[in-house]
Amino acid sequence: MIKEMHGREVLRNKHRIVVKVGTSSLSFPNGRMNLYNIQKLAGVLSRIRKQGKEVILVSSGAIGVGAGILGLESKPRRLPEKQALAAVGQAELMKIYQKFFDENDQLIAQVLLTKDVVSIAERNRNARNTILKLLGMNIIPIINENDTIAINEIVFGDNDTLSAIVATLVDADLLIMLSDIDGLYDADPKTDSNARIIHSVDHITPAVEQLASGAGSSFSTGGMITKISAAEMCLDNGIDCLITNGADPAVIFDLLEGRELGTHFVANSNKLIYNGQDT
């Protein structure tokens, strides 16, 4: 029997899930880490993993953590300074993640990527095999850009793009991007009180692209435009994508139950379901 599924129902059957968490969801506006949110995120992802789903976390925050440790109030502009902050912050960020995932008896692994993983076949294959092996060992890979060595030619530029590339690399079923925005609106909610969230998008049109504007905190990199580009990459590869507010990481449970939160970019490949499996 073939059952046709529409809307959010399909999200209940997603198995391999990439979760991207932005700097604004991990830290306060002054750059200090929001330890409560990180602890809760670790608990949510650990529980999802114990439910039998595969989870990959793409995490921003290394530069922001480094800036917080050094007492800076804004992210520097020069590349060497950014790389130095990333080196300081990445170690601290993983230490924080390790503590909170340990509380949930969940193993994690750090994977740092540069953009040449896309263009160099051997690196692409090795990265994919490593991540899939970690998933097979019930480990949650935590992925970030290797900011300390990245140069213009090999930089992703933002973790929205990185998360979509990772989702494509491992043939994920779903990408969830947690941010400080509720989703894609039909107007700028900061200036238009009548702006309404768009809950479902199945094609990235020029009109959709025009709706994307703005950026997050002074420590973040991408805005809605980078998220739309990431969603388009996912749709092109048959992967569903969700953009929603990550102020409470428990929202992931609601999304996977099919609740209408955020904006759902619907891939055509999930419209037909056979006994719970994509066909």
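A few notes on this one:
- Remark: pairs (first residue in the range 5-24, without any contact (Cβ under 8 Å) to a residue 24 or more places away in the chain; second residue aromatic (F, W, Y) and in a loop (DSSP other than H, G, I, E, B); Cβ separation under 6 Å; 6+ apart in sequence or on different chains) are absent.
- A195 satisfies every condition listed in (1) in contact with a helix residue (DSSP H, G or I) (Cβ under 7 Å, 6 or more places away or on another chain); (2) part of a loop (DSSP other than H, G, I, E, B); (3) among the hydrophobic types (A, V, I, L, M, F, W, C); (4) at pLDDT 80 or above except (1).
- Elements of type strands (runs of 3 or more DSSP E) contained in the range 219-279, each with 2 or more residues being surrounded by fewer than 20 Cβ atoms within 10 Å (Cβ to Cβ) and modelled with pLDDT under 90: 272-274
- Filter result (farther than 20 Å from D160 by Cβ and within 21 Å of the chain's Cα centre (by Cα)) within the range 50-82: K50, Q51, G52, K53, E54, G66
- For the range 72-88, a residue qualifies if it is surrounded by fewer than 17 Cβ atoms within 10 Å (Cβ to Cβ) and small (G, A, S), and the qualifying residues are S74, A87.
- Reported count of residues in the range 27-46, each being modelled with pLDDT of 85 or more and either aromatic (F, W, Y) or in contact with a strand residue (DSSP E or B) (Cβ under 8 Å, 6 or more places away or on another chain) (or both), is 5.
- Counting only strands (runs of 3 or more DSSP E) that fall entirely inside the range 1-101 and contain at least 1 residues that are closer than 16 Å to L175 by Cα and in contact with a Gly (Cβ under 7 Å, 6 or more places away or on another chain), the qualifying elements are 16-21.
- R32 being surrounded by fewer than 23 Cβ atoms within 10 Å (Cβ to Cβ), more than 16 Å from N245 (Cα to Cα) and out of contact with any Asp or Glu (no Cβ under 9 Å at 6 or more places or on another chain): yes
- Of the criteria (1) within 16 Å of the chain's Cα centre (by Cα); (2) assigned to a helix (DSSP H, G or I); (3) at pLDDT below 95, which one L112 fails: (2)
- Some residue of the range 131-147 being acidic (D, E), part of a strand (DSSP E or B) and either at pLDDT 95 or above or closer than 20 Å to T226 by Cα (or both): yes
- Per-region count, the range 198-218, residues among the hydrophobic types (A, V, I, L, M, F, W, C), under 19 Å from the mean Cα position of the chain (by Cα) and modelled with pLDDT of 90 or more: 1
- Residue selected from the range 150-171 under the condition outside any helix (DSSP H, G or I) and not hydrophobic (A, V, I, L, M, F, W, C), by the criterion modelled with the highest pLDDT: D171
- The set of residues in the range 120-138 being among the basic types (K, R) and free of Cβ contacts under 8 Å to residues at least 12 places away in the same chain consists of R123, R125, K133.
The values are calculated or read from the model by the stated rules, or taken from the named source; none is laboratory data. In this text the structure is predicted, and so the values were computed from the model without any measurement. All Cβ positions, glycine included, derive from the backbone under ideal geometry; neighbour counts span all protein chains shown.
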